[in-house]
Amino acid sequence: MARDSQAALVALNRFGFGARGGASGDLINAASDPRGFVKAELARPNGVLLEAPGLQSTPQLGQAVFAYQDQVKQAREAAKAAAPAEGAQQAPADQKPGLRRNLSLNAAATEIAGQMAETKPADNAAKPDAMQPGAAAPPAAKPAPQPLNVIQKTFRAEALARLQRATLVECGFTERLVVFWSNHFCISASKGELARIWAGAFEREAIRPHVLGRFADMLKAVEQHPAMLFFLDNQQSLGPDSRAGQNRKRGLNENLAREIMELHTLGVGGGYTQDDVTSLARIITGWTFAGRQGQLGTPGSFVFNANAHQPGPQMLLGKTYGPTGLAQGEAALADIARHPSTANFIAAKFVRHFVADDPPPALVARLRDVFVKTDGDLKAMAVALVDSDEAWKAPLTKMRSPYDFVIASGRLLARVPEDPGGYLSNLNLLGQPLWSPAGPNGFPDTSAAWAAPEGIKLRLDIAAQMGARLGNNIDPLDLLEFAAADAASIETRKTIERAESRQQALALLLMSPEMQRR
Amino acid sequence: MIDCVENRLLTSRRGLLLGGSSFAAWAYLPKFARAAGGRDPRLIVVILRGALDGLSTVAPLGDPDYAGLHGSIALAADGAHPAIMLDTFFALHPAMPEFARMYRDMHAAVIHAVATPYRDRSHFDGQDVLESGYAGPGRVQSGWLNRALEALPRGERVSSGLAVGPTTPLVLRGNAPTVGWAPVALPQADDDTAMRLVDLYRHRDPALASALSQGLQLDKVASGDDMKPKGGNQVAQMRQIARGAAKLMAADDGPRIAALAFDGWDTHANEGGPVGRLAFLLGGLDGALAEFESGLGERWRDTAIVVATEFGRTARINGTDGTDHGTGTIALLAGGAVKGGRVISDWPGLKLANLYEGRDLKPTTDLRSVIKGVLQGQFGLSDRVLAETVFPDSASARPMKGLVA
């Protein structure tokens, strides 16, 4: 039985997001057939998509930002025209009559905004929610909350949908795959208003549909997504000899082209040169999104702007790509996706995430071969990982990332988030702000990054907060059964048994090695 | 273009860690630090992540090709925001009046056309080389500053208000024990809970036991201090972390050697000239240097600050009024210990034929020579230790003499 519990721990923690508390029976189900438990999620192809009422498409969201920006501008100009004293007290732009209609706010966002506006700091402390941020700041110091604008509302609605999905799913393997690929092809919401409003839609539209599909399709969807084009500046890049480049005296920006090869596919040292970077940058000139005026297409949608595209053939990685416009870049991406360096890079990164910071070379080689043989079938690669011995035998040494930690805690406590605020502020505190890594290389994926002293100390502070709020209503030893059963160490069990209070016991359980390692 | 800085979620610590900066320091005093009557040298290394445009920070106005290459974002000696002439050839960005003042007072210097040995253009590899001190990427276990510390005789442990930061820069990672500091705004777990957890970790997870013990010990000492995050923009945060770090380092038992990193220098689009995005960041850096000066008080006299970045940016602006990844750039030195008032450069020129690969400022000075010069001047490390341990296989990059007074 002990061995089965250990395998169940691998199934739930290494592959998934941890066992759910309550009546889920996750650990028992996983123990009876660990591999089957993990793979069951892959057999539900629609389970990877995320559709929640009110979540909108990228063009719709882009248009909402354009409308919002126009309103802000108009309000500013109106204020300037009026007396300066009045201007200082103008209502926020998105409260102006008529604007809500234009922005077509989704129901979820409106609801969240309503809650936010009504929640007083004093209520926060009384509310038995594990992850309310209210207590993090002294109530007296809090200014009256500003109404959220459409960008903030959307970001929170998207975050909430993702957090709820991760909390509710059975094992969480598919959701972990989503998070892995989303981090691999990351954008950062801190780039600007468009990136912030698009962060969730980018993941829903470019990542999720291909997590159990083909790498080449995901690559194309990502590099043609307005959020990525905006994040890495390609929407501004003009072919030097294109009509727009000639007229506007602007030109190439190689940011996206470089990161496609360095971070998305071949990997650094993957066999490309500076000339290849410049060449790919030329090839993807014209890959942009339609602006607010909509001359090129539906505002906020991907378009190929032939006027900005560098004319002529291009040499990339030793191959010449003819002047076929949009197809030139699509052909180049398709070849890069099949490049042997890409297979190596992806397989190693995949195994590093799931098995160990130093990925076992034999397993990497096997997954690389699957990637090559199946032409980048990501589901086949995931299945090969689950079927491997290494993934089940390697000790659970990976540190849970802050995202893993807050999700696993919420799952164990069987609390479905109704407001993303507490989660988002805890992720900020722990150094993993949602959809906002510091650079295009995404968040780190090694234990060293997440097991640093200050980070652990902060986790303890957060766990202590959760214990103080929720400890009253739970039995920590029951939770330990849900989380690890007889795979829990004697020391952990004793530490929890001997705790001076339920609150303290819960904090210690959430911080135990069984809950911190995966 | 939307100003990305304004849109960051500036929630408590995150702004400091990811939006702006991180700070870490050595956990021990060098043995000689308080030798009676002698100098008590301090060294601060500031890493600018993202690749600083050296040609926009210290502009070679005297080079006939500069204005054409840097185009719309080139600095000029006249106009509404004139660059500050450092000599007859180089001029400083107008967003850096504090550095200019230090320069005039002979306590700041510029080294131009400098680069690490790294010649490709990946940020992440470039930062690895800059911080690891190895000649190539992929050697990321320890940083050169940490190995320099290992070569110093270790004195007593520092005990003033420090908490370990979650993001120790690679330059300071390694065997020599280090600590860091970052403001915290969260109610803390009580001591008893913390001790029980340490005890559990000791039995089951020694790595976490060690991490948590450090976090706890240092967090405690720092509490009660006024170093709480105050929000504000990235510039304010750069100043704030410098102010906090200076306060720690000014104490008698404070760390003598520290490193911090500021992010956000990757100016591919709309970099701006005398005003704009880069100007905004340079203003923050300038403010941070001023905070170190005022916060260190009398200790400033024996302090040297090294400001370095992983590589430079293209000499010619790109199609989006920014610059792409390049090679040669600048390093800045500031502090009372610096023999300043000079721009040190074997200027390669900006003619097309003189550019590295036809696009970047050609490096003529090895950054390692500059850093070695400072380490030698401040701490007396030998040529051999510098060439073999601190910067392995770097005998050809001789320590630059006379950087420290």
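The values are calculated or read from the model by the stated rules, or taken from the named source; none is laboratory data. Just so it is clear, the structure is predicted and the values come from calculations on it, not from any experiment. Because the Cβ atoms are built from the backbone with ideal geometry, glycine has one as well, and the counts that use them run over all protein chains shown.
Take the range A:437-456 and flag every residue that is crowded, with 21+ Cβ neighbours inside 10 Å, modelled with pLDDT under 90 and not hydrophobic (A, V, I, L, M, F, W, C). Residues satisfying the conditions are A:P453, A:E454, A:G455. Is there a residue in the range A:474-492 that is at the interface with another protein chain (Cβ under 10 Å from one of its Cβ atoms), more than 30 Å from A:E259 (Cα to Cα) and of a type in the set (V, I, T)? Checked against the condition, which is being at the interface with another protein chain (Cβ under 10 Å from one of its Cβ atoms), more than 30 Å from A:E259 (Cα to Cα) and of a type in the set (V, I, T), the range A:474-492 yields at least one hit.
Those helices (runs of 4 or more DSSP H) of the range A:423-518 in which 2 or more residues are within 21 Å of the chain's Cα centre (by Cα) occupy A:447-450, A:453-470. Residues in the range A:1-23 that are part of a helix (DSSP H, G or I), surrounded by fewer than 24 Cβ atoms within 10 Å (Cβ to Cβ) and of a type in the set (G, A, S): how many? So the answer is 3. Scanning the range A:267-276 for residues that are surrounded by fewer than 24 Cβ atoms within 10 Å (Cβ to Cβ) and not small (G, A, S) yields A:V268, A:T273, A:Q274, A:D275, A:D276. Report whether or not A:A382 is small (G, A, S), at pLDDT 95 or above, in a helix (DSSP H, G or I) and surrounded by 15 or more Cβ atoms within 10 Å (Cβ to Cβ). Yes: the conditions hold for A:A382. Given the structure, is A:D26 among the acidic types (D, E) and buried (at least 18 other Cβ atoms within 10 Å of the Cβ)? In short, yes.
Restricting attention to the range A:396-422, the residues that are within 18 Å of A:V38 (Cα to Cα) and in a loop (DSSP other than H, G, I, E, B) total 1.
In the range B:243-264, the residues that are farther than 10 Å from B:L296 by Cβ and in contact (Cβ under 8 Å) with a residue 40 or more places away in the chain reach residues that are part of a loop (DSSP other than H, G, I, E, B) and aliphatic (A, V, I, L, M) with C-beta atoms within less than 6 angstrom, at least six apart or across chains, in these pairs: B:G244/B:M227; B:D253/B:V158; B:P255/B:V158; B:D263/A:A438. As an exercise: evaluate A:E254 against (1) facing chain B (nearest Cβ under 9 Å); (2) under 27 Å from the mean Cα position of the chain (by Cα); (3) over 14 Å from B:T320 (Cβ atoms) and give the number of the one condition it does not meet. Checking A:E254 against (1) facing chain B (nearest Cβ under 9 Å); (2) under 27 Å from the mean Cα position of the chain (by Cα); (3) over 14 Å from B:T320 (Cβ atoms), the one that fails is (3). The selection criterion, being over 18 Å from B:G326 (Cα atoms) and of a type in the set (D, E, K, R), holds for A:R243. Look at the range B:103-127: where a residue is in contact (Cβ under 8 Å) with a residue 24 or more places away in the chain and more than 14 Å from chain A (Cβ to nearest Cβ) and a partner is among the polar types (S, T, N, Q) and crowded, with 24+ Cβ neighbours inside 10 Å, sitting 6+ places away or on another chain with Cβ atoms under 6 Å, you get B:A115/B:T327.
Please find, within the range A:225-241, the residue that is farthest from the other protein chains (Cβ to nearest Cβ) out of those that are more than 22 Å from A:S436 (Cβ to Cβ) and crowded, with 22+ Cβ neighbours inside 10 Å.
A:G239
Looking at the range A:432-458, which of its residues are on the phi > 0 side of the Ramachandran plot and among the hydrophobic types (A, V, I, L, M, F, W, C)?
Across the range A:432-458, the qualifying residue is only A:W435.
Across the range A:235-281, the number of residues qualifying as part of a helix (DSSP H, G or I) and closer than 22 Å to A:H309 by Cα comes to 23.
For beta carbons closer than 8 Å, sequence separation of 6+ or different chains, a first residue in the range A:272-286 that is free of Cβ contacts under 8 Å to residues at least 40 places away in the same chain and a second that is buried (at least 20 other Cβ atoms within 10 Å of the Cβ) and among the basic types (K, R), the qualifying pairs are A:Q274/B:R121; A:V277/A:R258; A:V277/B:R121. Yes or no: A:A159 touching a Ser or Thr at 6+ places or on another chain (Cβ under 7 Å), within 14 Å of another protein chain (Cβ to nearest Cβ), touching a residue at least 60 places away in the same chain (Cβ under 8 Å) and of a type in the set (A, V, I, L, M)? The answer is no for A:A159. Scanning the range B:265-295 for residues that are at negative phi, part of a loop (DSSP other than H, G, I, E, B) and in contact with a Ser or Thr (Cβ under 8 Å, 6 or more places away or on another chain) turns up B:W265, B:T267, B:H268, B:A269, B:E271, B:G273. Of the set (1) surrounded by 24 or more Cβ atoms within 10 Å (Cβ to Cβ); (2) within 14 Å of chain A (Cβ to nearest Cβ), all apply to B:I257 but (2). Considering the range B:183-199, and only residues there that are at the interface with chain A (Cβ under 10 Å from one of its Cβ atoms) and not in a loop (DSSP other than H, G, I, E, B), the residue that is modelled with the lowest pLDDT turns out to be B:D192.
Within the option set B:A207, B:A242, B:A288, B:A250, being modelled with pLDDT of 85 or more, surrounded by 21 or more Cβ atoms within 10 Å (Cβ to Cβ) and over 30 Å from B:L61 (Cα atoms) holds for one residue only, B:A242.
With assigned to a strand (DSSP E or B) and either buried (at least 22 other Cβ atoms within 10 Å of the Cβ) or away from every other protein chain (no Cβ under 14 Å) (or both) as the only criterion, which of B:I371, B:I305 stands out?
One residue alone meets the criteria, B:I305.
Restricted to the range B:152-182, and to residues there that are more than 11 Å from chain A (Cβ to nearest Cβ), buried (at least 20 other Cβ atoms within 10 Å of the Cβ) and part of a loop (DSSP other than H, G, I, E, B), the residue that is modelled with the lowest pLDDT is B:G161. Residue-level check: of (1) of a type in the set (A, V, I, L, M); (2) closer than 19 Å to A:I260 by Cβ; (3) not in a helix (DSSP H, G or I), A:L212 misses just (2).
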